[in-house]
1. Residue-wise, which Karplus ³J(HN,Hα) couplings in Hz belong to the range 218-223, taking 6.51 cos²θ - 1.76 cosθ + 1.60, θ = phi - 60°, and x for glycine or proline?
2. So who's got an amide H within less than 5 Å of the one on residue 154, skipping anything under 5 residues away but keeping other chains? H placed 1.01 Å off N, in plane.
3. For the range 175-183, what does the Karplus curve 6.51 cos²θ - 1.76 cosθ + 1.60, with θ = phi - 60°, yield as ³J(HN,Hα) per residue in whole Hz, taken in order and with x for Gly and Pro?
4. So what is the relative contact order for the chain, in percent, with contacts set as C-alpha pairs under 8 Å and at least six apart?
5. So between residue 58 and residue 232, what do we pick up on full extension, going 0.36 nm a residue minus the alpha carbon distance?
6. How do 140, 176 rank when sorted from fewest to most other Cβ atoms within 10 Å of their own Cβ?
7. When a/c is below 1.5 the answer is rounded, else prolate if a/b is larger than b/c, else oblate, so apply that to the range 181-299 with a ≥ b ≥ c taken from the square roots of the Cα gyration tensor eigenvalues.
8. Only counting other Cβ atoms within 10 Å, I'd like 74, 220 sorted with the fewest neighbours first.
Amino acid sequence: MARVSEVAEDIYQIHPELNFMFSLSYLILGEKPTLIDPGSTAQSKVVLQTLEEELKVDLDSLKYVIPTHLHIDHGGGAGYVARELPQTQVVVNERHARHLIDPAMLIDANKQTFGDNFADKFGNILSVPESQVLSVSEGDRIDIGGRTLEVLYTRGHANHHFCLYDDNCHGLFCGDTLGMYYPEEDGVVIICPEGFDLDLSIETIDRLRKLDPKLLFYAHEGVGRAPATLMTRAVQEIKDCGEIVLEALKIGENSKQIEQRLNEYFTNNVSAKLNYERMYLDLTVAGYKRYFKKIGLYS
Ligand SMILES: [Zn+2]
């Protein structure tokens, strides 16, 4: 069963306790209950059950479901939630709404990354009916009753990523933009999968810094309570890992060898206690490789 904790007033973090890739889901309780990052379909099932059984939420009152981006561990279950709860609206960046309505491209991308059988684990990616899609763009404010969430289009980790800023608690739902945060080790580990863009990532973080948030609601592992420091660390890691990967590519190392270098970097610079085997370093190496190819630094 999932683990639930109240991380700010009326904001609940739901850890789905799955043994494969997942995100943390956040429920904001209020006049218009809102779920951020429902996760994959497999995760969404656990999350909806938890809302109902542990948090005693009337599921018919759930107003918005907001995936920060379309990666399967954040938004893969949006269609499932929409089907289960026909009154709910799924909030998506206007430029990518079509991929929720017709998920063929998302399904293809996941097959490439996780294999043809990705749905065995994650569950299928279902279409969101057009009538349940709410398209938003940069600067929009979503009124969820008693508080508003400001939409910040934040490219870098993925070009379909946006963050949400809650000016009630000065908290930022940052998705994967700032990496993953491990509170016990006070460690940040960046995630840079295919579609990652180094310059845009840094630009985005600089922009988020100006909001001066007090809380960072990370989609992986925990809540950050020293945002300025954590953002600085994410930027440093993005630059450092970029240098490491590029140097290794220039001397002809393969992906496994580069992964090992990143493993060493995080062990020495973040914490020796974390298990980096489980932190998608393979995806990060692939993301940097693709990026350096795109900008012509590696062929
Ligand atoms: Zn992601």
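None of the figures in this text is laboratory data; all of them are computed from the coordinates on show. All figures in this text were calculated on a predicted structure; none of them were measured in a lab. Here Cβ is always computed from backbone atoms with ideal geometry, including for glycine, and neighbour counts include all displayed protein chains.
1. Result, rounded to whole Hz: 5, 7, 10, 5, x, 9.
2. Under 5 Å from the amide H of residue 154 lie the amide H atoms of 161, 162, 163, each far enough along the sequence or on another chain.
3. Per-residue couplings from phi come out as x, 9, 4, 10, x, 10, 10, 9, x Hz.
4. This gives 13 percent for the chain.
5. Additional length available on full extension: 58.6 nm.
6. 140, 176
7. Oblate is the answer for the range 181-299, as a/c is 1.5 or above yet b/c matches or exceeds a/b.
8. 220, 74
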